[in-house]
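See below for the structure under consideration.
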Amino acid sequence: MQKYISQEDLDKLKTELQELKTVKRKEITERIEEAKSLGDLSENAEYLESREAQAFNEGKIRELEETIKNSVIIGEQKSKSGGSAIQVGDTIDVKNEKGEKITYTIVGSSGADPTLNKISNESPLGRAFLFRIPGEEVEVHTPMGKMKYKILGIKK
């Protein structure tokens with residue numbers, strides 16, 4: 001599944017992955033070798049803990065590799081679409097049914113911050129706005145009930 005992410009967040013993930021593959025792997029391997037030298041592995045708590053740490057580290061590496069592989073940089077997909085429809089990364093102006101004007105930025109799930117009006121493309125509100133154009137009215141099913149919004153404009 002594609003995951004929308006900023007270039008900054010992608011760079012952080014790549015740095016973390018590199019750290020786990022080089023520094024952390026080496027540390028764990030050294031701990032395992034040291035624990036092996038202590039003798040009987042069946043009753044060696046240090047050895048078992050080191051093996052658990054190794055399994056956890058390898059799982060985290062696989063998870064990060066998968067996330068990086070499936071990442072779409074916010075902004076890249078906008079330049080490819082070329083249309084006037086709302087995309088991840090766009091900032092939009094809308095008016096709710098109470099007549100209040102609100103500005104939202106559609107972001108990937110990792111960049112969501114409702115207090116700053118940064119809404120995830122996976123949220124009910126974000127999904128409702130995606131691929132819509134200015135002038136359209138959308139109805140959003142939220143935990144608080146149905147809400148209606150009119151899309152006023154897109155800031156590309």
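Note on Cα extents along the principal axes in Å: of the candidates [x] 67, 26, 22; [y] 81, 31, 23; [z] 74, 35, 23, the value calculated from this structure sits at [z]. Between L38 and E66, residue separation times 0.36 nm minus the direct Cα-Cα distance comes to 6.4 nm. Residues whose amide H falls under 5 Å from that of R132, counting only those 5 or more places apart or on a different chain, are I86, with hydrogens built in the peptide plane. Note on the chain: helix-only mean residue ellipticity at 222 nm, from DSSP H runs of 4+ residues weighted -39500 (n - 2.57) and normalised by residue number, equals -12500 deg cm²/dmol.
Just so you know, all these numbers are worked out from the coordinates, no wet-lab data involved. Because the structure is a prediction, the values reported are computed rather than measured.
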